[in-house]
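This report concerns only the one structure given below.
The values are calculated or read from the model by the stated rules, or taken from the named source; none is laboratory data. As the structure is a prediction and not an experimental result, all values here were calculated from the model. Here the Cβ positions follow ideal geometry from the backbone for every residue, glycine too, while neighbour counts run over all protein chains shown. SASA here: full protein model, heavy atoms, side chains in, ligands and nucleic acids out. Shrake-Rupley method; radii C 1.70, N 1.55, O 1.52, S 1.80 Å.
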Amino acid sequence: MDIKPNGNTNVIPPRLSTKIILFTSCKGGVGKSTVCANLAMAVAKRNRRVLLIDCDFGNRCLDLVAGFSESVVYDISDVVFNKIDCKNAILQDKRCENLYFIAAPHGFDHCMELSAFRHAVRKLTEAGNFDFVFIDTPGGIGEPLNFAAGVADTAYIVVEPTRAAIRAAERTSDFLALRGVGKRRLIVNKLAGGSVRKAKKEIISIIDTTSVKLHGVIPYDPELIFAGNKGVLVDEMLSFNVTNAFDNLAARTLGEGRRLFANIKRLRKLK
Ligand SMILES: Nc1ncnc2c1ncn2[C@@H]1O[C@H](COP(=O)(O)OP(=O)(O)OP(=O)(O)O)[C@@H](O)[C@H]1O
Ligand SMILES: [Mg+2]
């Protein structure tokens, strides 16, 4: 595997501007892994080097959602405990050369310390000269989220339009604020209900309740469920609503001005 920087040869300088973003909510099943993996692909497609780290220790599934499950041998605990060189732990995506992945261990080793985890993430970041590191976290407020919060500068809090998920988003934001994650943004996932105008009202109410600024929106689309089961990402999907939504999110992640619902047509009606 080649993890040299684009167009460079041997020495890899540390990229001081790497953005480390964690994807979280203390509510399970809201779409953290789905959004994390697909946004990583959408950003990588825009020619940025992205490392996906699965921090769902003990219940890993990002390898399945992102299509790496057949290739995983090592995981991030092997890097934390210095069992292997980090270059051997990182997998390069076969579909997009800018996308890389490292798996979570099957269980959480309580000997793992935050300082060692931080060191491992720094080594991984420098080894691949990544522009972005995306960290997927499990539901709940536990050690993995603590670890991710200890290395990330930004949190994308994934929320779906249900009261339980909205309350969880508020709680997650408070938890992250206490741990020094200064930039916290909402991604409203699984938006449905027919019209965009109606959805906008719902979004305003979510922002109002959580007091967290909005980063972007993803519509509800069953194609994401089928894709998640097959390890297919947004680059291979057919739904324009989904591909455009992730492209909007990628543009906004890169700081480009992009309307929230640009190229998103009617939302699905849920029965
Ligand atoms: N926008 C969407 N439209 C339709 N289904 C979605 C969407 N986003 C996610 N899903 C589906 O919701 C389910 C949960 O998604 P996912 O596993 O990404 O959530 P999670 O928050 O990572 O869950 P966990 O807390 O277990 O880690 C999956 O079946 C996934 O395919
Ligand atoms: Mg998940």
accessible surface per residue for the range 19-253, probe 1.4 Å, DNA/RNA/ligands not counted, whole Å² -> 40
Highest-fluctuation residue, Glu236, Glu143, Glu202 considered, GNM on the chain with Cα pairs under 10 Å = Glu236
Counting only protein heavy atoms, what percent of the accessible surface of the chain is carbon or sulfur at a 1.4 Å probe?
-> 49
Pull up the cross-link candidates among the lysines for Lys94, meaning alpha carbon to alpha carbon under 17 Å and not fewer than 8 places away within one chain.
-> Lys4, Lys45, Lys230
Taking Arg95, Arg171 and ranking on accessible area (1.4 Å, protein atoms only), highest first, one gets Arg171, Arg95
What residues have an amide H closer than 5 Å to that of Leu214, excluding those fewer than 5 places away on the same chain, when H is modeled at 1.01 Å from N in the peptide plane?
-> Leu186
In whole angstrom, the spacing between the Cα centers of the range 197-246 and the range 37-65 equals 16
In deg cm²/dmol and to the nearest 500, what is the mean residue ellipticity at 222 nm of the chain if only DSSP H runs of at least 4 residues count, each as -39500 (n - 2.57), divided by the residue total?
-> -11500 deg cm²/dmol
For the range 157-166, in residue order, the Karplus 3J(HN,Hα) values (coefficients 6.51, -1.76, 1.60; θ = phi - 60°; whole Hz; Gly and Pro = x) are 8, 8, 9, 10, x, 10, 4, 5, 5, 5
Efficiency of FRET between Lys183 and Leu238 - r from beta-carbon atoms, R0 35 angstrom, step 0.05 = 0.55
Straight distance only, please: which lysines reach the Cα of Lys213 with their own Cα at less than 24 Å, same-chain residues fewer than 8 apart left out?
-> Lys19, Lys27, Lys32, Lys183, Lys190, Lys198, Lys200, Lys201, Lys265
Relative contact order for the chain, counting Cα pairs under 8 Å that sit 6 or more residues apart, in percent | 25
Cα-based convex hull, the range 19-253, per residue volume (Å³, whole number) | 107
Could you compute the FRET efficiency for Glu113 and Cys61, with r as their C-beta to C-beta distance and R0 at 22 Å, rounded to 0.05?
-> 0.30
Compute the signed sum of charges (Lys and Arg +1, Asp and Glu -1) over the other residues within less than 12 Å, Cβ to Cβ, of Ser33.
-> -2
Helix 32-45 sits at what angle to the longest principal axis of the chain, using alpha carbons and giving 0 to 90 degrees rounded to 10?
-> 70
